[in-house]
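What follows is a single structure, written as structure tokens, with notes after it.
Values quoted throughout were computed directly from the atomic coordinates according to the rules given, and no laboratory measurement underlies them. This is a predicted model, so every value here is computed, not measured. In this analysis, Cβ positions are derived from the backbone assuming ideal geometry, glycine residues included, and neighbour counts consider all displayed protein chains.
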Amino acid sequence: MKTGTSPPDPLPLGAASLYMKEFENIIASGKEPVMTKEYKPQVANEFERYLNPQTLKRHVFRSEKVRKIIEHYAQVNNSSVKQIEKQVKEIIDEIGLERNLAIIRWCGMAITAIAKRILSGIYVNSANIRRVREQLGRNPVCYLPSHRSYMDFVLMSYICFYYDIEIPGIAAGMDFHGMFGMGTMLRKTGAFFMRRSFSNDELIGISFVNICMH
């Protein structure tokens, strides 16, 4: 009789071999990602037009919900609309992601070089990636790394680049934002920053939700 603390039975040898056939080592010799390749990623959900990070910020700022909250705050605080607009722009700039392909390429080269020195491989279920790709273009996609380490979301972007999938926006804690150099690097590789709580500031909450929605 098994107890709750007993380890699960290992997969039979044949089943384990069959399961691992779906995986490939993306840093094996000859399979390493070419970080200098032309990058034309498949987008998760195609809108009428692609919103790059700067366009996204403008789109959020001009959205109906954000405009309404700006007017509401100006009225209840007896402030000018321009003052509240300035606050909202600062909030959106603080939260919003950026993408710098040169930095993404440089980080990818560094990950490959370090991984090949300290790891036996980075194994990806390529069969599942193909299934994800089949759904891209019609549905939003949310990736949920296990977050066992700070490398999880970096590797997620690395894997997406490898398979020509749009690098996702990465939700990162505001504590990363304040780290010297780290905040800038993460933002330029696709991170957007969130505070632990929005309960005391409706402007931040509405701005953050609209960034996520777009």
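Scanning residues 5 or more positions from R99 or on other chains, none has an amide H under 5 Å from its amide H, with H placed 1.01 Å from N in the peptide plane.
Determine which residues of the stretch 104-119 fall in the zone a paramagnetic label at R148 would reach in this model, i.e. backbone nitrogen under 17 Å from the point 7 Å along Cα→Cβ. Under 17 Å, as judged by backbone N against the label point of R148, lie 115, 118-119 of the stretch 104-119. Overall shape: prolate for the stretch 36-112, with the ratio a/c of the largest to smallest alpha carbon gyration tensor axis at 1.5 or above and a/b above b/c.
Set the Förster radius R0 to 30 Å, insert the Cβ-Cβ distance between A28 and D93 as r into 1/(1 + (r/R0)^6), and round the FRET efficiency to 0.05.
On the way: r = 41 Å, r/R0 = 1.37.
About 0.15, to the nearest 0.05.
Scanning residues 5 or more positions from F192 or on other chains, those with amide H under 5 Å from its amide H are I170, A171, A172, with H placed 1.01 Å from N in the peptide plane. Here the Karplus relation 6.51 cos²θ - 1.76 cosθ + 1.60, evaluated at θ = phi - 60°, turns the backbone of the stretch 39-45 into coupling constants of 9, 10, x, 7, 8, 5, 9 Hz, with x for every Gly and Pro.
Taking other Cβ atoms within 10 Å as a rough exposure proxy, T36, T112, T189 sort from fewest to most as T36, T112, T189. For the stretch 55-72, 3J(HN,Hα) computed residue by residue from phi via the Karplus equation (6.51, -1.76, 1.60; θ = phi - 60°) reads 5, 4, 4, 5, 5, 5, 4, 8, 5, 4, 5, 5, 4, 5, 6, 5, 5, 5 Hz, glycine and proline entered as x.
The largest-to-smallest principal axis extents of the Cα set in the stretch 41-194 are 62, 38, 27 Å.
Given a Förster distance of 30 angstrom, what is the FRET efficiency for A113 paired with M182, based on the Cβ-Cβ distance and rounded to 0.05?
Details: r = 19 Å, r/R0 = 0.64.
Calculated value: 0.95.
Here the stretch 90-163 and the stretch 64-78 have alpha carbon centers that stand 37 Å from each other. In order along the stretch 168-177, phi translates into HN-Hα couplings of x, x, 10, 6, 10, x, 5, 5, 5, 4 Hz, rounded to whole numbers, per the Karplus curve 6.51 cos²θ - 1.76 cosθ + 1.60 with θ = phi - 60° and x for Gly and Pro. Of all lysines in the structure, the ones whose alpha carbon falls short of 19 Å from that of K86, not counting any fewer than 8 places away in one chain, are K57, K65, K68. For Q42, the residues whose amide H sits under 5 Å from its own are I165, E166, ignoring neighbours fewer than 5 places away on the same chain, with H placed 1.01 Å from N. What distance in nm separates the two pseudo spin-label positions at N100 and H59, each 7 Å out from Cα along the beta-carbon direction? Result: 2.3 nm between the two label points.
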